[in-house]
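> Input: one structure, supplied below.
The values are calculated or read from the model by the stated rules, or taken from the named source; none is laboratory data. Quick caveat, the model's predicted, so the values are computed rather than measured. Here the Cβ positions follow ideal geometry from the backbone for every residue, glycine too, while neighbour counts run over all protein chains shown. Each accessible area value is taken on the protein alone, full model and side chains, heavy atoms only, with ligands, DNA and RNA left out. Shrake-Rupley method; radii C 1.70, N 1.55, O 1.52, S 1.80 Å.
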Amino acid sequence: MDITREKMNYDLLIVGAGPSGLSAAINFKKLCKKYNKDFSVCVVEKGSEVGAHILSGAILEPTALDELIHDWKKIEDCPVKIAVKNESLKFLTEKKSYTIPGIFTPSSMHNKGNFIISLGSFCKWLSQQAENLGVEIYPGFAASELLVDHDKLNGIITGDLGVDKDGNRGSNFQPGIEIHAKYTLFAEGCRGHLGKKLMNKFGLRENVQHQTYGIGLKELWEVKAENSNPGEVFHSIGWPLDNETYGGSFLYHLDKNLISFGFVIGLDYKNPYLSPYEEFQRFKTHPKIRQIFEGGRRISYGARALNEGGMQSLPKLSFPGGAIIGCDAGTLNTPKIKGTHTAMKSGMIASELVFKELELKKYNTEISNFCHVFRKSWAGEELKRARNVRPSFKYGLKVGMFLAGLDQIIFRGKAPWTLKHAEEDHLSLRKKTEAKKIFYPKADGVLTFDRLTNVSYSSTYHEENQPCHLKLSDNKIPISNNFELFDSPEQRYCPAGVYEILKDSNGLPNLQINSQNCIHCKTCDIKDPLQNINWITPEGGGGPNYTNM
């Protein structure tokens, strides 16, 4: 049935109010002011408010912020306050920890001059700076479809509201809006729903290596005052992960006795019985870690996939009518465990190139030099120097540490070779007959928590009577392939208890999808063995609400 939609028109449209999208908007409006132009810019954000879906460690390297807002240190309400004071990297065994000397840590991985932040709070602040410049920001509007005409992008359509789970229009139905733009920048974050479509539509992944991913899980804790040391940074590798699984932890000390605690695991892990969530919980039982959290309380929880492929996995960034920026493209620097500054820079470059096109009265053209300009920028050079670190670990932890050290300490990122990644993440799982089962300790409800209890601390909400946003290409595959060959790994890789295997009245297994639990991490879209799960955006405003995360 045809739908009559309201239409809006802008010079520049940005999808996603994260660091890259907001930096693009701010930079664009600053250029308008500098050159006395009145180009319009709009940002749509699927979260209920700016920052609601933002999740990161996070340590901010202020390089891009210095360029974007020169006087940010003088702005009283800027949330970038906690400078890194000291840091340590430790190797853990089950009971002990060993400090890795600083001389064995590449200089690029040190955090002197950086700041510990809440990325959600930082994005809220950036949105205020953008609005002060005249940027229109619309949270609660999910970009769900592309507007393409004659192989040129003309904008997006926001999702319809009030559609019931059977696809029928409810009494509160509101059609989505067509937002037309001369240029559209996609800043959806890692594994963007529309970013995937654009890569397929315009062949943006041709002649580049596949993307590889990790899952980052995070809790925000309030600890006892004696365990708080604002400005302290702690990273670890080793236990509880085995030698062939890439990952590690972070603990970042904020003010007000808060600690940002997280664990990252590469989604190329091989054992189908591994549960990233349970490894994350088990880590807290280490004697070195337990003492930090004892007597404290968990405030919030979340999880999000992150790009780890680096420069060799970076797609073509532009297409007729727009570009992909930030983590939607994959600009994270894996060895630094940082992507905010590089994402911001990609957005700033894209907005400058769009501005130049609009000045020349060019509309819906391709900013074909975007890739080149980004690669030649300090952000691109940084990714180039980091390119060999992540693929080094396809050989295991010990060999990976040696190769990464050789590349970063001896060659300083300028080795005359570029390593390739191993197979795509969804192909890495061993069959259940070849894998060893992992038995995780039961959550104690004080230090460790079961998934569903923790999901309640993510403030996740979805309108239940809406279509499921986790689409299966083939309803038979979850049992015929995933259950039979891998013992249904989606039950374990999902950090929110979305996927369950239940027995029907005949005792046969069936997959149940609890989409209302989904915290939008995108792990299922990445790790499903036959790529049978497609994450699409649910109604705008749904999902988690990561307060101060």
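> Across segment 498-549, what is the total count of residues that are polar (S, T, N, Q), surrounded by 16 or more Cβ atoms within 10 Å (Cβ to Cβ) and touching a Lys or Arg at 6+ places or on another chain (Cβ under 7 Å)?
Final tally of qualifying residues: 1.
> Here is a check on your reading of the model: is Thr453 without any contact (Cβ under 8 Å) to a residue 12 or more places away in the chain, open to solvent by 80 Å² or more (accessible area, probe 1.4 Å) and of a type in the set (S, T, N, Q)?
Numbers: without any contact (Cβ under 8 Å) to a residue 12 or more places away in the chain: yes; open to solvent by 80 Å² or more (accessible area, probe 1.4 Å): no; of a type in the set (S, T, N, Q): yes.
The answer is no for Thr453.
> A further question on this structure: Over 25 Å from the mean Cα position of the chain (by Cα), assigned to a loop (DSSP other than H, G, I, E, B) and modelled with pLDDT of 95 or more - does that describe any residue in segment 8-25?
Scanning segment 8-25, I find no residue that is over 25 Å from the mean Cα position of the chain (by Cα), assigned to a loop (DSSP other than H, G, I, E, B) and modelled with pLDDT of 95 or more, so the answer is no.
> So, of the residues in segment 108-150 that are among the polar types (S, T, N, Q) and out of contact with any Asp or Glu (no Cβ under 7 Å at 6 or more places or on another chain), which turns out to be farthest from Leu65 (Cα to Cα)? Walk me through it before giving the result.
Quick first cut of segment 108-150, residues among the polar types (S, T, N, Q) only: 108, 111, 114, 118, 121, 127-129, 132, 144.
Next cut, out of contact with any Asp or Glu (no Cβ under 7 Å at 6 or more places or on another chain) only: 108, 118, 121, 127-129, 132, 144.
On the way: Ser108: 18, Ser118: 15, Ser121: 15, Ser127: 14, Gln128: 15, Gln129: 12, Asn132: 17, Ser144: 30 Å.
Per the stated criteria, the residue is Ser144.
> Restricting to segment 396-418, name every residue that is farther than 20 Å from Gln211 by Cβ, of a type outside the set (Val, Ile, Thr) and part of a helix (DSSP H, G or I). Can you show your working first?
Pass one, segment 396-418, residues farther than 20 Å from Gln211 by Cβ: 396-399, 401-403, 405-417.
Now narrow it down to the ones that are of a type outside the set (Val, Ile, Thr): 396-398, 401-403, 405-408, 411-417.
Leu397, Lys398, Met401, Phe402, Leu403, Gly405, Leu406, Asp407, Gln408 - these are the residues of segment 396-418 that are farther than 20 Å from Gln211 by Cβ, of a type outside the set (Val, Ile, Thr) and part of a helix (DSSP H, G or I).
> One residue is enough: does segment 516-531 have a residue meeting the conditions in a helix (DSSP H, G or I) and farther than 25 Å from Lys437 by Cα? Break it down stepwise before answering.
Restricting attention to segment 516-531, the residues satisfying the condition of being in a helix (DSSP H, G or I) are 516-517, 523-527.
Retained after the next criterion (residues that are farther than 25 Å from Lys437 by Cα): 516-517.
Within segment 516-531, one or more residues are in a helix (DSSP H, G or I) and farther than 25 Å from Lys437 by Cα.
> Which pairs turn up if I take residues in segment 297-309 that are more than 12 Å from Asp268 (Cα to Cα) and among the charged types (D, E, K, R) and look for partners that are outside any loop (DSSP other than H, G, I, E, B) and at pLDDT 95 or above with beta carbon separation below 6 Å, at least 6 apart in sequence or on another chain?
Arg297/Glu222; Arg298/Glu219; Arg298/Trp221; Arg304/Gly216
> Oh, and also: Is it the case that Arg304 is farther than 30 Å from Asn388 by Cα, open to solvent by 20 Å² or more (accessible area, probe 1.4 Å) and assigned to a strand (DSSP E or B)? Full working, then the answer.
Numbers: farther than 30 Å from Asn388 by Cα: no; open to solvent by 20 Å² or more (accessible area, probe 1.4 Å): yes; assigned to a strand (DSSP E or B): yes.
Here the answer is no, as Arg304 does not meet what is asked.
> A further question follows. Return yes or no: is Arg430 farther than 30 Å from Leu485 by Cβ and either open to solvent by 80 Å² or more (accessible area, probe 1.4 Å) or modelled with pLDDT of 95 or more (or both)?
Numbers: farther than 30 Å from Leu485 by Cβ: no; either open to solvent by 80 Å² or more (accessible area, probe 1.4 Å) or modelled with pLDDT of 95 or more (or both): yes.
Here the answer is no, as Arg430 does not meet what is asked.
> So, in segment 254-271, exactly how many residues are open to solvent by 10 Å² or more (accessible area, probe 1.4 Å) and more than 19 Å from Cys190 (Cβ to Cβ)?
The total comes to 7.
> A further question on this structure: Do we have any residue at all in segment 316-335 that's open to solvent by less than 20 Å² (accessible area, probe 1.4 Å), modelled with pLDDT of 95 or more and of a type in the set (Lys, Arg)?
No, segment 316-335 contains no residue that is open to solvent by less than 20 Å² (accessible area, probe 1.4 Å), modelled with pLDDT of 95 or more and of a type in the set (Lys, Arg).
> Now for a separate question. Go through the residues of segment 468-476 one by one and say whether even a single one is surrounded by fewer than 20 Cβ atoms within 10 Å (Cβ to Cβ), assigned to a loop (DSSP other than H, G, I, E, B), touching a Phe, Trp or Tyr at 6+ places or on another chain (Cβ under 8 Å) and not small (Gly, Ala, Ser).
Checked against the condition, which is being surrounded by fewer than 20 Cβ atoms within 10 Å (Cβ to Cβ), assigned to a loop (DSSP other than H, G, I, E, B), touching a Phe, Trp or Tyr at 6+ places or on another chain (Cβ under 8 Å) and not small (Gly, Ala, Ser), segment 468-476 yields no hits at all.
> Determine which single condition Val41 fails, assuming it passes every other condition in (1) within 20 Å of Glu352 (Cβ to Cβ); (2) open to solvent by 60 Å² or more (accessible area, probe 1.4 Å).
(2)
> Only residues that are outside any strand (DSSP E or B) and either touching a helix residue (DSSP H, G or I) at 6+ places or on another chain (Cβ under 8 Å) or in contact (Cβ under 8 Å) with a residue 24 or more places away in the chain (or both): list them for segment 136-165, please.
Here is the first cut: in segment 136-165, the residues outside any strand (DSSP E or B) are 140-142, 150-151, 159-160, 164-165.
Gly140, Phe141, Ala142, Asp151, Gly159, Asp160, Asp164, Lys165, listed by residue number.
> Quick check on Leu133: is it at pLDDT 95 or above, touching a helix residue (DSSP H, G or I) at 6+ places or on another chain (Cβ under 7 Å) and open to solvent by 30 Å² or more (accessible area, probe 1.4 Å)? Break it down stepwise before answering.
Values: at pLDDT 95 or above: yes; touching a helix residue (DSSP H, G or I) at 6+ places or on another chain (Cβ under 7 Å): yes; open to solvent by 30 Å² or more (accessible area, probe 1.4 Å): yes.
Answer is yes for this residue.
> I've got another one for you. Condition first: free of Cβ contacts under 8 Å to residues at least 24 places away in the same chain, of a type outside the set (A, V, I, L, M) and within 24 Å of Asn36 (Cα to Cα). Now tell me which residues in segment 352-374 satisfy that.
Of everything in segment 352-374, those that are free of Cβ contacts under 8 Å to residues at least 24 places away in the same chain, of a type outside the set (A, V, I, L, M) and within 24 Å of Asn36 (Cα to Cα) turn out to be Lys356, Lys361, Lys362.
> Here is a list of conditions, (1) outside any helix (DSSP H, G or I); (2) modelled with pLDDT under 95; (3) not β-branched (Val, Ile, Thr), and Arg387 meets all of them except one; can you say which number that is?
Going through the list (1) outside any helix (DSSP H, G or I); (2) modelled with pLDDT under 95; (3) not β-branched (Val, Ile, Thr), Arg387 breaks only (2).
> Testing Lys112 on (1) in a loop (DSSP other than H, G, I, E, B); (2) within 26 Å of Arg385 (Cβ to Cβ); (3) touching a residue at least 40 places away in the same chain (Cβ under 8 Å), one condition comes back false. Which one is that?
All conditions are met except number (3).
> Then there is this: Here's a check for you: in segment 286-301, which residue that is farther than 15 Å from Gly248 by Cα and assigned to a loop (DSSP other than H, G, I, E, B) is most open to solvent (accessible area, probe 1.4 Å)?
Within segment 286-301, the subset farther than 15 Å from Gly248 by Cα is 287, 290-301.
After this cut, where a residue has to be assigned to a loop (DSSP other than H, G, I, E, B) as well, the list is 294-296.
Values: Glu294: 93, Gly295: 70, Gly296: 25 Å².
Here the residue is Glu294.
> Further question on the same structure: Kindly provide the set of residues from segment 382-408 that are of a type in the set (A, V, I, L, M), touching a residue at least 24 places away in the same chain (Cβ under 8 Å) and surrounded by fewer than 16 Cβ atoms within 10 Å (Cβ to Cβ), ordered by number.
Passing the criteria: none in range.
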